[in-house]
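The values are calculated or read from the model by the stated rules, or taken from the named source; none is laboratory data. Computed from a predicted structure; not experimentally measured. When we count neighbours, we look across all protein chains shown, and the Cβ atoms used for this are built from the backbone with ideal geometry, even at glycine.
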Amino acid sequence: MVAKRFIAIALILLMMGWFSGCCSPLPSDSHAVNLFPQHRDWWCWAATTEMVSDYYGHRVQQCDSANFVHGTPPNCCTGCIGNCPGWGWEWGATIIDIQNNWTHWDFTYQHDASALSWVDVKKTLSKQSNCRKSPIQAVWWWYDGMGMRTSGHVITITGYSEIRLTTLNMDLVFYNNPAPMDCSLNALNQCQQAATGGAAVLATYESFKQSGNRKWEDSFYQFKHTGP
Amino acid sequence: MNRAKSTAIMMGALILSFLIFPMGGSSADQMADPKEAIRISNEALANYIQYGLTEKNAAAFGFKNLEDAKAAHIGQPYPVRIIDLSAVKDYQPGSGAKKMLRDPGIMWFPVMVGDTFRTKIEMVRIDDQWKPGEFGDTLKAKEVWAVGTQTKAIAEAKGMRDGYTSYIVHAPSLLATFFYLQSDDKEFLIPAMVNPERYGMDNGKVYSADEALRILKRFAKDIKPGTIR
């Protein structure tokens with residue numbers, strides 16, 4: 001009798017633990033991630049880092065990321081003045097650069113060298129208990145006709161919506177694209193702040209993962225600031 | 001939007017497709033079935049607006065408000081072509097753009113309210129079927145749209161009256177977008193991008209394909225493959 005009662009209590013506790021550990025995303029969820037346009041052509045990675053770090057209350061400016069990764073190039077932190085004619089495209093990044101940059105600014109993160117499944121997209125973005133409650137820094141890679149990677153671009157996924165109706169099944173992702181940049185040249189060939197930059201975009205999960213010769217193949221998520 | 005209005009717009013778009021695709025090139029590789037892409041784009045637009053837009057985010061997608069978005073319809077679509085970074089790097093002056101163009105299976109549709117451009121929606125060919133792609137990205141789309149409205153007049157001015165091919169051409173690694181016009185003996189690239197000044201170009205200005213590709217090649221040589229920007 002005592003043994004049966006003990007087993008029953010143990011089972012109940014086990015089930016409580018099981019259910020309390022589950023992430024059960026709602027059909028839609030999103031994060032209020034500010035859209036920071038990239039200041040240079042090749043700073044998408046720095047701009048999305050700024051978006052995500054700002055979301056966690058420890059904003060890392062794009063020029064600070066670029067200075068860390070590239071060793072303080074001249075005129076980097078001057079907003080839209082200075083080295084605009086170069087457009088900054090010597091200041092791109094690699095996946096390792098992005099990893100090191102997060103670590104340098106006292107963030108831990110999860111990196112997958114792949115897209116996230118739709119289930120993981122929901123679990124990652126959902127703000128429900130036991131979900132990851134995290135925006136996603138997603139990297140698209142473009143491929144040429146020979147199947148070689150040509151260049152990458154980073155965007156920040158901020159939300160999702162799962163539509164399940166009798167006549168419609170649709171999985172949507174919402175994202176902040178840091179391009180186009182918010183610096184431009186005026187009629188006098190001087191660098192200046194453009195009226196605006198960046199873009200809000202939505203797409204089906206299927207087309208976000210692959211569209212034409214562009215594929216989602218790297219993901220950073222589950223960020224945590226560990227510094228002071 | 002009521003059903004009658006929606007049907008009228010869809011019929012209009014279908015008629016438009018018959019008018020533009022012979023003009024804009026009608027080869028089989030251009031698209032599997034333009035009517036299907038247009039039909040799906042109408043459905044996709046309605047679904048995106050109904051399930052993706054809110055009063056709060058409508059402005060970020062180029063609309064005045066949610067009511068404005070509900071009045072949206074698609075306009076004249078354009079097929080998209082890609083130019084690879086490696087192709088630009090290897091470009092031989094005088095060899096032209098035609099053989100560099102790759103079909104990524106993307107159709108670009110302007111989203112209009114009345115006669116006014118709001119944003120764009122893309123249809124993507126996946127497993128040989130047209131499916132909804134990106135919706136939004138309004139700043140870049142505005143530049144494309146603005147130049148797109150001029151291409152017919154440009155083609156006529158260049159003596160391309162007897163039919164010509166027209167594509168939107170992206171060079172993703174160079175962040176460059178053009179309209180491409182081609183007839184038997186002529187090829188032109190017309191910049192339609194944000195910040196064309198990075199290449200010393202002007203949006204809407206007509207460049208021979210060779211001239212534009214020579215300029216891009218100068219910049220492409222410094223871009224390392226596999227870099228994230």
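How do the pairs read when you match residues in the stretch A:176-187 that are within 16 Å of residue A:158 (Cβ to Cβ) with residues anywhere that are surrounded by 20 or more Cβ atoms within 10 Å (Cβ to Cβ) and among the acidic types (Asp, Glu), using Cβ under 8 Å and keeping only pairs 6 or more apart or on different chains?
From the stretch A:176-187, the pairs are A:177/B:137.
In the stretch B:180-210, what residues are over 20 Å from the mean Cα position of the chain (by Cα), assigned to a helix (DSSP H, G or I) and either more than 23 Å from residue A:41 (Cα to Cα) or among the aliphatic types (A, V, I, L, M) (or both)?
Answer for the stretch B:180-210, where residues must be over 20 Å from the mean Cα position of the chain (by Cα), assigned to a helix (DSSP H, G or I) and either more than 23 Å from residue A:41 (Cα to Cα) or among the aliphatic types (A, V, I, L, M) (or both): just B:210.
Residues of the stretch B:37-64 being more than 8 Å from chain A (Cβ to nearest Cβ), touching a residue at least 24 places away in the same chain (Cβ under 8 Å) and of a type in the set (S, T, N, Q), which ones?
Listed by number, the residues that qualify are B:41, B:42.
Would you pick out the residues in the stretch A:156-175 that are surrounded by fewer than 18 Cβ atoms within 10 Å (Cβ to Cβ) and in contact (Cβ under 8 Å) with a residue 12 or more places away in the chain?
Scanning the stretch A:156-175 gives A:163, A:164, A:171.
Tell me which residues, restricted to the stretch A:85-122, are out of contact with any strand residue (DSSP E or B) (no Cβ under 9 Å at 6 or more places or on another chain) and modelled with pLDDT of 95 or more.
Across the stretch A:85-122, the qualifying residues are A:96, A:100, A:104, A:117, A:119.
Filter the stretch B:204-229 for residues that are of a type in the set (Lys, Arg) and within 8 Å of another protein chain (Cβ to nearest Cβ); which is surrounded by the most Cβ atoms within 10 Å (Cβ to Cβ)?
B:229
Please enumerate the residues belonging to the stretch A:34-59 that are out of contact with any Pro (no Cβ under 6 Å at 6 or more places or on another chain) and part of a loop (DSSP other than H, G, I, E, B).
A:34, A:35, A:36, A:39, A:40, A:41, A:42, A:43, A:56, A:57, A:58, A:59
For the stretch B:134-161, which residues satisfy the criterion of being within 11 Å of chain A (Cβ to nearest Cβ) and either assigned to a helix (DSSP H, G or I) or touching a residue at least 40 places away in the same chain (Cβ under 8 Å) (or both)?
Those that are within 11 Å of chain A (Cβ to nearest Cβ) and either assigned to a helix (DSSP H, G or I) or touching a residue at least 40 places away in the same chain (Cβ under 8 Å) (or both): B:135, B:136, B:138, B:139, B:140, B:141, B:142, B:143.
With respect to the numbered conditions (1) away from chain B (no Cβ under 11 Å); (2) under 24 Å from residue B:138 (Cα atoms), which one is the sole condition not fulfilled by residue A:124?
(2)
Here's a check for you: in the stretch B:65-85, which residue that is over 30 Å from residue B:221 (Cβ atoms) and among the acidic types (Asp, Glu) is farthest from the other protein chains (Cβ to nearest Cβ)? Walk me through how you get there before you give the answer.
Filtering the stretch B:65-85 down to residues over 30 Å from residue B:221 (Cβ atoms) leaves B:65-77.
Next, only the ones that are among the acidic types (Asp, Glu) stay: B:67-68.
On the way: B:67: 19, B:68: 16 Å.
Across the stretch B:65-85, the extreme among qualifying residues is B:67.
For the subset of the stretch A:152-196 comprising residues that are within 26 Å of residue A:31 (Cα to Cα) and polar (S, T, N, Q), which member is farthest from the other protein chains (Cβ to nearest Cβ)?
Among them, the one singled out is A:156.
For residue A:219, are the conditions met, namely being among the hydroxyl-bearing types (Ser, Thr, Tyr) and touching a Gly at 6+ places or on another chain (Cβ under 6 Å)? First the steps, then the outcome.
Details: among the hydroxyl-bearing types (Ser, Thr, Tyr): yes; touching a Gly at 6+ places or on another chain (Cβ under 6 Å): no.
Taking the combined requirement at face value, the residue does not satisfy it.
A quick yes/no check of all residues on (1) in contact (Cβ under 8 Å) with a residue 12 or more places away in the chain; (2) part of a strand (DSSP E or B); (3) away from every other protein chain (no Cβ under 11 Å):
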residue	(1), (2), (3)
B:87	yes, no, no
B:91	yes, no, yes
B:107	yes, yes, no
B:111	yes, yes, yes
B:117	yes, yes, yes
B:123	yes, yes, no
